[in-house]
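Trainee: The structure under discussion is supplied below as structure tokens; questions concerning it will follow.
Only the coordinates and a few stated rules stand behind these numbers; no lab work does. On a predicted model such as this, the values are computed, not experimentally measured, just so you know. Here the Cβ is made from the backbone with ideal geometry for all residues, glycine too, and neighbour counts use every protein chain on show.
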Amino acid sequence: MYKPSKRLSRLIATAAMAATIVSAQAPNVLAVTQPHPDEELNQDAVKQQLQVKGVEQVENGVKLELTTNKTAFIRLFSEDMAKVSILKEGEEENYFSEAVVKKDWDTPDFDFSEEGNVITLATEEITIKIKKEPFGIKFMDKEGNVINEDYMKNGSGYDGEKPYVYKKTTKDEAFYGFGEQAGLNLNQRGESIGMFNTDAYAYQPDTKYLYTAIPFFMGLKNDKAYGIFFDNTNRSYFEMATESDDYYHFYADDGSLNYYFMYGPDIQDVLDRYTELTGKMEKPAKWTLGLHQSKWEYSAEDIERVAETYREKEIPVDTMHFDIDYMKDYRVFTWNDKYGNEELHSNLDNMNFHKITINDPAVKKDPGYHMYDEGTENDYWAKNPDGSNFVGEVWPGDSMFPDFSQEEVREWWTGKHDILFDKGIDGVWNDMNEPAVFDGPYHTMPLDVTFGTGEDKRSHAEYHNLYGHDEAKATYDAWEEYKPNTRPFVLTRDMFAGSQRYAALWTGDNVSEWDHLQMSLPMNANIGLSGVPFVGNDIGGFAGRPDAEMFARWIEVGAFLPFSRIHYDSDSKSEVKQGQEPWSFGEEVEGISKKYIEMRYQLMPYLYNAFIDASENGTPVQQPLVYQFQEDEKTYNVSDQFMFGESLMIAPVVKQGQTERDVYLPEGETWVDYWTGKEFKGGQTIHTKAELDHLPIYMKKDSIVPTREVQQYTGEKPLENLVLDTYLKEEASYSFYEDDGATLDYKDGEYNKTDFHVERKGKHIEFTSEVEADDYDSDIQSYTLKLNGEKAPRKVQAAAKKYKQVTSVEEVKSTQETYFYDEANETLYVNVPVEEKHKVKVKFAGGYGHDEDDRDEDNDDRDEQDDREDEKEDREDEEQDREEEEDDRDEESDEDESSDEQQSGSSDEDNESSDKEQDGKDSDKDEESDEQENNDSTNQNNGNKEEDDHKEENDDRDEDKEEKEDQDASSDDNKEDGQHKDKFTEGKDRGDRFMMFRSRIQNFFVNFTAKSEGTTFNIFNFFK
């Protein structure tokens, strides 16, 4: 279904409000898909522009006295972010909504100047030009390029009580963010967007108001990005060039004019700054990243049966959800006897399922019910204008609504969660928190209902968009009270800016229609660009029922959603009585489901690390292509592809009957078909087949993707072998984070971080790992380096240690210091012990390990040069290793000397005995040293010739000699002298060994001179 512009849709929607019967069990209940009609700006009023009448420099910016008794502040919060406030007479300037978590910022260095009609504020990153008459603001980068500026025909100010801002735009400027928005387009240019949280059951692509209000967006023009956060909790509107290609504007029904401007120039920078202001998500529990299964009206028996079937069919899943049926007559914080049955919970626990219960804010009006009695006694309810308690109808009938704006009420709500936790509940799912009211005007409370008391009192119109936000906070805080060292999991349908600090988001009551599958991709992408990484949609659709084809395509997408849950509506509301478990559509779809769900679990280390990035940088997990490739204009409105983390591009089929599709590959990268290994240059559109069981996936070259073996649930098996799935062109790096994935111990430093680096160097590939943090007791014992698209290696070694070739993937993964080459798939597997300190080198014969077509005639000469450089590096590495070992032994020797000097009671007889014993060892060592020197002198005669000879038969002969030398040296491995002798004889050729010997002699004399006065000095320490 084609999505028309919302500009047209709004005219229809405001003329006639759509209504849908919600439940056969509640036939009088209507879910209105839109709130009260939009309030337009008075165009005559917005043309009466403000003027600057007074200027005062303040500590972090400037204060301006404006006409019509308005006051403006432009304050610099950082080098790239400013807050703009325009205040009505008597209004306080220090306003922050509940969205803002960081209020104290270090003032950046800035220059202030006033010249003629212009005031200038300049940091190292941005320059702000403020025009006095008429008042207007222009933001520029440090090179003087205009990033964003007011549209001076209208400017900014107030239309009565409505704050507004007009901004200039160009035809090629794109817009992203705005939280949860319907529609099939990623780029929101040309859209009329409204923000008033609405219970929009069975919404459609042209529905204007959905469940969340996040008044933040990004503009992208001339390859540079900026962000604007309109910090106003009232119903707000964003007309993104709907009236003209020359400007866009945003405004609200009421409240103050406060907005934050932040400059990138990268989208990543803007999002990082925005989430620094409003908060980043916390690190999630690993189990929450697994698959979730849910249905409205699962019986207690259904929940257990479905859980058992997952385990029997070996389809991975982590969590079963309990919808409102578990409550006693829909009373919150109660258990129906069947669902609260200890045997049910014990059986789920024994099958290693996590459990999540739904929760609604409405409390049944029922004297004798503990929640109603306590809330009434303590006056915790929302009020009518006359001060009486507001009563509205929801699932339990007449209900009261907690006033979550009050801290005391939130604490009370927090304290009730033990009723859920005592049953072993691991997460809470907040529903109906727009708040939805069945018999209220426009499916919510009247706008004059009040919250708060005294000076904090505010109307429902102002507080509406914050209701679910504060409920999420109250829910989140329950973990601190009852599970203080456990990571919370709160799922919510309703959000405001900043709610990502407390909850994940699912996109409400979607429909089993192809449009909804297609719409979910740009919707999730823009939610991610609004600071909410943990997002998902009901797989298969909530309302209605999918057929087999639709479910198969949806589970293919769903396996790569940040939050992955199958959830569907009551059978009583569907004409088709069709389940939505993976096995409900026949063997083919069951197999497809299992394939992609298993892939999600295989990618769990990669997915978890993507969430670590989200928690630290605000990075979306499900990314639109423009997030990484903003310099490629062709990505600006790609709505049916996305990046899953940093390296995987997903190009799903989202249209009925489609078995092939076009895929755009962003420029500047080389892309690899995950299934075939075929490579493609970026900057082109390719055509690919996509049968029902095939999800097109492309890997970005020079990427490392950590994976593991499949589990039936997270934590089933310890992660002992981490697979580093590598697609190498030149070099690839990955910083791998690991912690327990469950507790808050990481906040005390209990985590590991290891930096992996794989680089192609001439005729070999080099792998290194460097530990950055090591305070978590990891189960990982080895890494399997998986090199895709490579030739068979000549050998694999770390320093002198040669890795053994084995015959299967299974064997290489279970055996350290081995490698296996899969010739059919051109894939090399190398098992590297975690404790390996040396570079692991994969050496190839007569090639670079990848396609010969990439070579040219000049590469043969480069091969020889690279080989010589490799040999030189090997010698340097080995020499460095020996020097480090010598330093360690010197330190030990010094410690021994100090210890000997401090010890008392030693007899001269002991010393004489020790000297005789040492003399014997020294004599043996002299003989060994003389023999080795003679051997190395002979080897030197042939060294130069061998260094220039790189033919393969000589390589083989050298390998035979090296193997023999390694075998000779290994016979003394258990002896300290033998160990050091083995390292001493590891030179690549005989010339190398002579150079090593000479260096050792030089080191010996330098150290001998410095240490010869030591009483326990032993010169042969240098030859160990």
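Trainee: Can you work out the FRET efficiency for the pair ASP547 and GLU374, with r the C-beta to C-beta distance and R0 = 60 Å, to the nearest 0.05?
Mentor: Working: r = 48 Å, r/R0 = 0.80.
Approximately 0.80, to the nearest 0.05.
Trainee: I've got another one for you. For TYR247, enumerate residues with amide H under 5 Å from its amide H, sequence gap 5+ or separate chain, H modeled in the peptide plane.
Mentor: THR169
Trainee: Just check the stretch 196-298 against the gyration tensor rule for me: Cα atoms, a ≥ b ≥ c as the square roots of the eigenvalues, rounded for a/c under 1.5, and otherwise prolate or oblate depending on whether a/b exceeds b/c.
Mentor: Oblate.
Trainee: From a point 7 Å beyond the Cα of ASP822 in the direction of its Cβ, which residues of the stretch 667-702 have a backbone N at a distance under 11 Å?
Mentor: 675-677
Trainee: Would you mind ranking MET262, MET281 by Cβ crowding within 10 Å, fewest neighbours first?
Mentor: Fewest to most other Cβ atoms nearby, the residues stand as MET281, MET262.
Trainee: Total Lys pairs in the stretch 624-701 closer than 16 Å by alpha-carbon, pairs eight or more apart in sequence or interchain only? Walk me through the numbers before you get to the answer.
Mentor: On the way: LYS634/LYS681; LYS655/LYS689; LYS678/LYS689; LYS678/LYS700; LYS678/LYS701; LYS681/LYS700; LYS681/LYS701.
Here the count comes out as 7.
Trainee: Something else: Using a Cα-Cα cut-off of under 16 Å, which lysines could be cross-linked to LYS313, ignoring same-chain neighbours fewer than 8 residues away?
Mentor: Answer for LYS313, where 16 Å is the Cα cut-off: LYS594, LYS595, listed by chain and number.
Trainee: Projecting each Cα onto the charge dipole of the stretch 653-797 (Lys/Arg +1, Asp/Glu -1 at the beta carbon, about the Cα centre), which of VAL653, PHE680, TYR713 comes out farthest on the positive side?
Mentor: The residue sitting farthest along the positive end of the dipole is PHE680.
Trainee: Going by a ≥ b ≥ c, the root eigenvalues of the Cα gyration tensor, does the stretch 228-356 fall in the rounded group (a/c under 1.5), the prolate group (a/b larger than b/c) or the oblate group?
Mentor: Judged from the Cα gyration tensor, the stretch 228-356 comes out prolate (a/c at least 1.5, a/b above b/c).
Trainee: Roughly speaking, what is the stretch gain from GLN805 to THR670, that is 0.36 nm per residue apart minus the C-alpha to C-alpha distance, in nm to one decimal?
Mentor: 45.6 nm
Trainee: Going through the stretch 603-709, which trypsin sites (Lys or Arg not before Pro) have at most 15 other Cβ atoms within 10 Å and a DSSP loop state? Could the numbers behind the result be given before it?
Mentor: Numbers: sites: LYS634, LYS655, ARG661, LYS678, LYS681, LYS689, LYS700, LYS701, ARG708; in loops: LYS655, LYS678, LYS701, ARG708.
Of the trypsin sites (Lys or Arg not before Pro), the ones in loops of the stretch 603-709 whose Cβ has at most 15 other Cβ atoms within 10 Å are LYS655, LYS678.
Trainee: Listing SER769, SER733 from the residue with the fewest other Cβ atoms within 10 Å to the one with the most, what is the order?
Mentor: SER733, SER769
Trainee: Taking the Cα centre of the stretch 717-855 as origin, sum charge times position over the Cβ atoms of Lys and Arg (+1) and Asp and Glu (-1), and report the length of that vector in debye to the nearest 20.
Mentor: Working: 20 positive and 32 negative charges, 223 e Å.
Roughly 1080 debye, rounded to the nearest 20.
Trainee: Do any chymotrypsin sites (Phe, Trp or Tyr not before Pro) in the stretch 51-114 lie in a DSSP loop with no more than 13 other beta carbon atoms within 10 Å, and if so, which?
Mentor: Those satisfying the criteria are PHE96.
Trainee: What are the ³J(HN,Hα) values, in whole Hz, obtained from phi via the Karplus relation 6.51 cos²θ - 1.76 cosθ + 1.60 with θ = phi - 60°, for each residue of the stretch 577-586 in sequence order, with x given for Gly and Pro?
Mentor: Each residue's phi maps through the Karplus curve to give 8, 10, x, 10, 7, x, 8, 7, 10, x Hz.
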